[in-house]
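Everything below concerns the one structure shown next.
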Amino acid sequence: MKYKVTLNGKTYEVEVEHGKAVLLDEYEALAPAPASPAAAAAPVAAAPAAAPAPAAPVNLAAGETVASPMPGNILRVEVNQGDTVKAGQLLIVLEAMKMENEIVAPKDGTVVQVVTSKGSVVETGAPLVVIA
């Protein structure tokens with residue numbers, strides 16, 4: 001099967017057969033063209049769409065960073081900035097390989113920063129929460 005995957009502004013065309021993936025092509029992702037010249041000429045009253053907010057910088061000096069132990073999707077975030085947590089308390093529920101994994105607080109403290117959000121896709125080692 002062939003797949004087109006766009007990641008960080010680049011599109012990759014990949015072919016997967018019997019457990020092997022082969023990169024067929026790589027190219028810059030392009031914005032879609034306007035639907036028609038008449039639609040492009042019509043005045044638009046709506047405000048321009050806001051750009052997605054950049055990820056908040058992680059303040060590593062503020063405390064201990066709880067990192068993702070594996071790649072996956074964030075299903076739930078159980079804490080907010082400023083919450084007091086106990087060692088072993090549930091912080092995040094991470095779905096990986098159809099399994100829900102509970103990410104717990106490594107120590108007692110206060111949540112200084114919640115770096116991720118529900119629906120985010122994270123990689124191994126990605127910061128999730130900072131606890132002081």
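Points to keep in mind about this one:
- For region 115-132, filtering for residues that are on the phi < 0 side of the Ramachandran plot and either of a type in the set (Ser, Thr, Tyr) or open to solvent by 40 Å² or more (accessible area, probe 1.4 Å) (or both) leaves 10.
- Scanning region 76-94 for residues that are part of a strand (DSSP E or B) and open to solvent by 60 Å² or more (accessible area, probe 1.4 Å) gives ARG76, THR84.
The values are calculated or read from the model by the stated rules, or taken from the named source; none is laboratory data. Everything numeric in this text was worked out from a predicted model, so none of it was measured. We work out accessible area using only protein heavy atoms, side chains counted, and drop any ligands, DNA or RNA first. Shrake-Rupley method; radii C 1.70, N 1.55, O 1.52, S 1.80 Å.
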